[in-house]
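K.L.:
A single structure is presented below for examination.
The values are calculated or read from the model by the stated rules, or taken from the named source; none is laboratory data. Please read all numbers here as calculations on a predicted model, not as lab measurements. We place every Cβ from the backbone using ideal geometry, glycine too, and count neighbours over all the protein chains shown. In case anyone asks, the SASA skips ligands and DNA or RNA and just uses the protein heavy atoms, side chains included. Shrake-Rupley method; radii C 1.70, N 1.55, O 1.52, S 1.80 Å.
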Amino acid sequence: VILADEDGVIIEISGNKDVAEAVQRGNFIPGADWSEKGAGTNAVGTALILDQPVQVFSYEHYCISSHKWTCSAAPIHDTNGRIIGVLNMSGSYEKVHLHTLGMVVAAVNAIENLLKVQHELRYRTTIMESISDGLVAIDCNMNIKQFNQAAAKLLKSSNLKNKQVEEIFGKRNLALFVNALKGRKITDQEIDIPTKAG
């Protein structure tokens, strides 16, 4: 399995030791340029040019040293749709399998989904921290899932995540959170928050 950057330069190679050593003889090593411009037709470079998954079989490779391999590659995109790399799986052309390209595409989808989740979490945190009032987000089980630093300061606790609302806000205030979870509009309702100090 090979990870290359958006220019087709190999960053990392992982997998079967014998295969990794064999591909090194064809300059399939970290730092090598496998763009189409640098190495002709190959899965890494062609996936970048076409911006889609490809499988390149044996003699379809431009480089003779790659004729004993079948390579399956798919481009990796960031949250804005820009190509940031390529994932490639290479093996002996004699052991080519129809599902290899599908496995690579599934792995790339998982990577892109993880990037989206991380981006959304950073975005949500940035928004929450830009608000000067205390802000607490809860789930349907009354667990605190996210909070900003203003809330942590007001509640005199930096360890709010996954705590029960009742534990932090007291039993008297549960009705407020139940109403909020049911989507009822609440405006200017004061609550007393018990703290260990008070």
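K.L.:
If you go through the stretch 41-59 one residue at a time, do you hit one that is in a helix (DSSP H, G or I) and among the aromatic types (F, W, Y)?
P.N.:
yes
K.L.:
For the stretch 120-143, indicate whether the set of residues that are under 15 Å from the mean Cα position of the chain (by Cα), polar (S, T, N, Q) and surrounded by fewer than 11 Cβ atoms within 10 Å (Cβ to Cβ) is non-empty.
P.N.:
Checking the stretch 120-143: not a single residue is under 15 Å from the mean Cα position of the chain (by Cα), polar (S, T, N, Q) and surrounded by fewer than 11 Cβ atoms within 10 Å (Cβ to Cβ).
K.L.:
Something else now. Consider the stretch 78-129. How many of its residues are touching a Leu at 6+ places or on another chain (Cβ under 7 Å), among the small types (G, A, S) and in a helix (DSSP H, G or I)?
P.N.:
1
K.L.:
Please state which of the following conditions Y59 fails to meet, knowing it meets all the rest: (1) exposed (fewer than 15 other Cβ atoms within 10 Å of the Cβ); (2) within 26 Å of the chain's Cα centre (by Cα); (3) over 19 Å from V105 (Cα atoms).
P.N.:
(2)
K.L.:
Please indicate, with yes or no, whether at least one residue in the stretch 139-149 is assigned to a helix (DSSP H, G or I) and closer than 30 Å to V178 by Cβ.
P.N.:
Yes, because at least one residue in the stretch 139-149 is assigned to a helix (DSSP H, G or I) and closer than 30 Å to V178 by Cβ.
K.L.:
Give all pairs with beta carbons closer than 7 Å in which a residue from the stretch 152-176 that is among the hydrophobic types (A, V, I, L, M, F, W, C) meets a residue that is at pLDDT 85 or above and part of a loop (DSSP other than H, G, I, E, B); count only pairs at least 6 apart in sequence or on separate chains.
P.N.:
A152/L160; L154/G134; V165/M142; I168/L155; I168/L160
K.L.:
So for the stretch 105-117 (the condition being under 23 Å from the mean Cα position of the chain (by Cα), in contact (Cβ under 8 Å) with a residue 40 or more places away in the chain and open to solvent by less than 40 Å² (accessible area, probe 1.4 Å)), does at least one residue qualify?
P.N.:
Taking every residue of the stretch 105-117 in turn, at least one turns out to be under 23 Å from the mean Cα position of the chain (by Cα), in contact (Cβ under 8 Å) with a residue 40 or more places away in the chain and open to solvent by less than 40 Å² (accessible area, probe 1.4 Å).
K.L.:
So which of L155, L160, L98, L176 ends up being open to solvent by 40 Å² or more (accessible area, probe 1.4 Å) and more than 22 Å from S14 (Cβ to Cβ)?
P.N.:
Being open to solvent by 40 Å² or more (accessible area, probe 1.4 Å) and more than 22 Å from S14 (Cβ to Cβ) holds for just one of L155, L160, L98, L176, which is L98.
K.L.:
Among the residues of the stretch 45-56, are any at pLDDT 95 or above and of a type in the set (S, T, Y)?
P.N.:
Checked the stretch 45-56: at least one residue is at pLDDT 95 or above and of a type in the set (S, T, Y).
K.L.:
While we're here: Among the residues of the stretch 164-189, which ones are basic (K, R), more than 17 Å from N143 (Cβ to Cβ) and assigned to a helix (DSSP H, G or I)?
P.N.:
Of everything in the stretch 164-189, just one residue is basic (K, R), more than 17 Å from N143 (Cβ to Cβ) and assigned to a helix (DSSP H, G or I), namely R172.
K.L.:
Within the stretch 62-88, restricting attention to residues that are aliphatic (A, V, I, L, M) and surrounded by fewer than 20 Cβ atoms within 10 Å (Cβ to Cβ), which residue is modelled with the lowest pLDDT?
P.N.:
I64
K.L.:
Counting only residues that are among the hydroxyl-bearing types (S, T, Y), more than 22 Å from I111 (Cβ to Cβ) and buried (at least 17 other Cβ atoms within 10 Å of the Cβ), how many does the stretch 1-41 have?
P.N.:
Selection size over the stretch 1-41: 0.
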